[in-house]
Each structure stands twice: as C-alpha cells, then as structure tokens.
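Each remark here refers to the structure printed beneath this line.
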Amino acid sequence: MTTFQTAPGQTPPADAVHPGASSPETPTSVSRLNETIRDFVQKWGAVWVEGEITSWNVRGGNIFGRLKDLSSDASLSFRLWSTTRQRIPADLKSGDHVVACVKSEFYVKTGDFSFIVSAMKHVGLGEQLEKLERLRAQLRKEGLFDPARKKPLPFLPHRIGLITGERSDAEKDVHRNAELRWPAVSFRTVHVAVQGERCVPETVAALQALDADPEVDVIVIARGGGDPQTLLGFSDEKLLRAVAAASTPVVSAIGHENDHPLLDDVADLRASTPTDAAKRIVPDVSEQRALVRQLRSRAGSRLTQRIGHDIAQLQQLRSRPVLRAPETMLDSRAQDLWFQVSRGREIMTRRVDAAERTTAELRASLRALSPAATLERGYAIAHLTEGVIVRDAAQAPDGAEVTVTVARGSFTARSHGEVDERTETGSTAGAN
C-alpha cells in the first residue's frame with residue numbers, strides 16, 4: 001500500500017495518493033505517484049546550503065554536480081542551468097567550499113530527485129582541497145615537481161608496464177591504441193583497485209613490482225574519468241613518493257583532460273587520457289617508416305649531389321693544361337735540366353783540370369825539394385850508427401863507422417879522420 005505523508009501544517013494535494021487509496025487489486029500508476037511527489041516537493045521553498053563541491057561536470061552549457069556535507073558523508077546532486085551559470089563566479093570548481101541557494105525538483109518522467117541552483121558563491125577551500133593544496137605546496141618545495149628530475153621516456157620501450165583496473169576501458173584504450181601504432185608492442189599488466197581504500201596500497205605494490213622488473217622500460221598508471229572524490233587515491237602522498245622514487249619512467253594517464261590529480265605533477269609524463277598515453281609512449285610505425293623513407297631519400301639525394309659535385313671538380317681539374325697534357329710540364333723543364341747538367345759538367349771539368357794542374361805543380365815542387373832528387377844528382381847522406389846525420393867532419397873522428405846513403409841504397413864506411421879541404425877538393429876534382 002502506498003502512503004503519502006505531509007509535513008506538519010501542510011495539506012496533501014487533492015489528487016494525492018492517500019493511505020488505503022490503493023491495493024493489490026487497485027494499484028495506483030507510476031505516473032500518478034510521481035506527480036503526487038512532484039506536487040508535494042514543489043511546495044518546498046528555496047534553501048541556502050553549505051558544502052564542498054565534489055563533482056562539477058559541464059554538459060551543453062549546463063552544470064551537473066554534487067555537494068558534500070563538510071562534517072559527514074552526506075551529499076546531494078544539483079543542477080545549474082546555463083542561464084544561472086552566467087550569474088555565479090566563473091572560477092567555481094571541484095573542491096571549492098561554497099554556499100548555494102537550492103530548490104528541490106522531482107522529475108516525473110524519470111523519478112529523479114535533484115536540486116536546482118539559483119545562486120552560488122565561494123566560502124573558502126573545501127577541506128579535501130585544502131589538504132591537497134598543502135601537499136602540493138610541500139611536494140613542490142621538495143622539488144618533486146621539478147622538470148629537471150623527470151626521466152625521459154625511451155624511444156621504443158621493450159616492454160610497457162601497465163597499472164589499471166581489471167577489464168577497464170582504460171586498459172582496452174591503452175592496449176588498442178599502442179598496438180595500432182606499434183603491433184609488436186609488449187605489455188606487463190597489473191590489475192589494481194582504482195578507487196577506494198585498496199587503491200593506494202595496491203597501486204604502490206604494483207609500481208614497485210614493475211619497477212623491479214628489468215624488462216619493463218616504462219610504467220603507465222591509467223584510469224578512466226571520474227569525479228574528484230573517486231580520484232583522491234592518485235593524490236595520496238604515499239603513492240606520489242613511490243612514483244618519485246621509481247627508477248623507471250612513470251606516465252600518469254588519469255581521467256580526462258580536465259582531471260588533474262597530483263600524480264600528474266610528480267610523474268615523468270602526464271597524458272591527458274589513457275589513449276593519449278598510448279600515443280606518447282610508443283612511436284607510430286607508419287610514421288617511422290615514412291621518416292625512414294624520407295631520410296633515405298635525403299641521404300640518396302645528398303650522396304648524388306656530392307658525387308656530382310666531385311665529378312664536376314675532377315673534370316675541371318682534368319681540363320687544366322697541366323693535367324690535360326702533363327708531359328708539357330716535363331718538356332718545359334727538360335731544357336733547363338739539360339742546360340744545368342751541361343753547365344755543371346763544364347764547371348766540374350774546369351775545376352778538375354785546374355786541380356790536376358795544381359797537383360802537377362805541387363808534385364814537381366815536391367820532387368824538386370825531395371832528398372831523393374838530391375841524391376839522384378850524386379849527393380850522399382852520412383850518418384852515424386846512432387842515426388845522427390853527419391854535418392861536420394869533426395862528428396866522424398878517425399876510425400868511426402859511418403853509414404852512407406846514396407840514391408840507390410846505402411853502405412858502411414870507416415872514417416879516416418878530418419882531411420884538409422884543399423886535399424879533399426883536389427881529390428874530388430881528380431875523381432871527376
């Protein structure tokens with residue numbers, strides 16, 4: 001039996017479903033029940049409510065989001081039409097602490113209950129966002145966001161480590177797009193919880209296991225889209241420090257383009273989506289083939305150009321007279337060589353003749369001054385047995401033995417003492 005209760009002091013609508021108005025035999029329709037609820041809800045007035053924005057999705061100019069209580073897990077969904085959006089601050093986003101004027105609305109067709117926002121303004125940062133901002137400032141101060149510490153990705157990884165949810169769209173996107181770009185790509189996939197309490201410990205364990213595998217060249221942490229509340233695990237400090245300590249390059253591929261957990265800042269590369277991650281970690285085989293063809297064409301063209309240039313230079317050198325008829329260079333030098341040889345021969349002949357004449361003159365002078373020539377003229381040399389040449393007759397007293405050397409040989413004689421010079425001269429004349 002369907003019942004309908006009213007708030008104190010209110011009366012139910014005339015066509016409302018009252019207790020006892022329906023039974024298994026006479027049930028009311030879904031449409032009538034929803035209309036009764038709608039009519040009752042429409043009587044509620046607007047309420048100012050305070051909370052933290054945990055979801056902020058823009059679709060067709062309208063905004064669909066959720067507002068969470070500041071001290072409990074209670075939350076509500078809200079809609080903000082494009083006409084109202086023009087009257088609220090443009091920088092509102094997930095994590096903001098706000099107050100909003102809301103009015104309840106029930107949709108008869110779908111049975112959905114929501115709140116329509118007519119006004120919204122900042123109060124301050126939400127508690128969760130405030131924690132994240134403090135952590136962001138701390139990690140930035142420690143240098144974990146510094147581009148200089150980020151490791152470059154390999155051109156073509158031998159094996160890709162993938163951390164993602166089991167049978168998730170993110171896993172399919174990474175595998176499909178990577179294999180389309182490079183069919184021989186290899187993966188080692190580790191499935192983890194991508195939200196909730198198990199997210200951080202399982203992701204850290206998977207990261208450490210892949211980082212220890214020597215065959216894994218790059219690690220991708222991938223997850224599909226979600227509201228900021230479900231992505232909080234990828235801003236956890238323990239996970240962020242594990243990523244910073246990894247020796248293998250880590251790629252963050254969390255959510256969609258507008259999702260930005262702190263993992264994006266610590267990772268070595270941020271991919272806007274899992275599909276983008278696949279495109280950035282492996283090259284496109286068709287593009288690489290085209291590049292190889294282009295490089296080969298350029299290399300062939302440069303080689304042909306260089307060979308043509310060298311041939312032209314060689315032909316230019318060969319066209320020069322000295323290379324076209326090199327014997328002319330020898331012919332022009334042959335006469336000079338003959339002249340120099342003739343001149344050298346003539347000079348040497350003159351010098352030799354002059355030297356021969358000088359030698360003959362010196363020989364004649366030497367012969368004229370030689371003791372042998374004097375001996376040839378009949379002179380003799382007398383010397384004692386001691387070898388002393390006798391220059392004075394007194395040196396050879398009577399009976400002294402004297403050796404006499406003549407032009408042809410020598411003989412021994414005995415001195416008869418000094419003789420009178422006149423007697424000697426007469427004897428000599430007589431001898432002649």
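The values are calculated or read from the model by the stated rules, or taken from the named source; none is laboratory data. None of these values were measured; they are calculated from a predicted model. Neighbour counts are summed over all protein chains in view; Cβ atoms, including those assigned to glycine, are modelled from backbone coordinates with ideal geometry.
Taking the stated definitions as given, is Ile88 crowded, with 17+ Cβ neighbours inside 10 Å and either in contact (Cβ under 8 Å) with a residue 60 or more places away in the chain or more than 30 Å from His260 (Cβ to Cβ) (or both)? I'd like the intermediate steps shown before the answer.
Numbers: crowded, with 17+ Cβ neighbours inside 10 Å: yes; either in contact (Cβ under 8 Å) with a residue 60 or more places away in the chain or more than 30 Å from His260 (Cβ to Cβ) (or both): no.
So Ile88 does not fit the description; no.
Results for (1) at pLDDT below 90; (2) of a type in the set (A, V, I, L, M, F, W, C), shown as yes or no for each residue.
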{"site": "Ala100", "(1), (2)": "no, yes"}
{"site": "Gly111", "(1), (2)": "yes, no"}
{"site": "Leu132", "(1), (2)": "yes, yes"}
{"site": "Ala137", "(1), (2)": "no, yes"}
{"site": "Phe145", "(1), (2)": "no, yes"}
{"site": "Asp173", "(1), (2)": "no, no"}
{"site": "Trp182", "(1), (2)": "no, yes"}
{"site": "Arg188", "(1), (2)": "no, no"}
Members of segment 176-213 found to be in contact (Cβ under 8 Å) with a residue 40 or more places away in the chain, touching a helix residue (DSSP H, G or I) at 6+ places or on another chain (Cβ under 6 Å) and assigned to a loop (DSSP other than H, G, I, E, B), listed by number: Trp182, Val185
Top-ranked residue of segment 392-404 - restricted to ones that are loosely packed, with under 10 Cβ neighbours inside 10 Å and out of contact with any strand residue (DSSP E or B) (no Cβ under 8 Å at 6 or more places or on another chain), ranked as farthest from Gly417 (Cα to Cα): Asp392
Condition check for Ser104: within 51 Å of the chain's Cα centre (by Cα) and either among the small types (Gly, Ala, Ser) or more than 29 Å from Leu232 (Cβ to Cβ) (or both): no
Segment 377-420: number of residues that are within 29 Å of Arg367 (Cβ to Cβ), in contact with a helix residue (DSSP H, G or I) (Cβ under 8 Å, 6 or more places away or on another chain) and part of a loop (DSSP other than H, G, I, E, B): 2
In segment 57-108, the residues that are of a type in the set (D, E, K, R) and touching a Ser or Thr at 6+ places or on another chain (Cβ under 6 Å): Arg66, Lys68, Arg79, Glu105
Pair list, Cβ < 7 Å and 6+ apart or interchain, from segment 343-368 residues that are surrounded by 10 or more Cβ atoms within 10 Å (Cβ to Cβ) to residues that are in a helix (DSSP H, G or I) and not aromatic (Phe, Trp, Tyr): Arg367/Ala373
Residue check, Ser31 in contact with a Gly (Cβ under 7 Å, 6 or more places away or on another chain), within 23 Å of Ile116 (Cβ to Cβ) and loosely packed, with under 13 Cβ neighbours inside 10 Å: no
Failed item, numbered, when Leu135 is tested on (1) surrounded by fewer than 18 Cβ atoms within 10 Å (Cβ to Cβ); (2) under 30 Å from Asn62 (Cα atoms): (2)
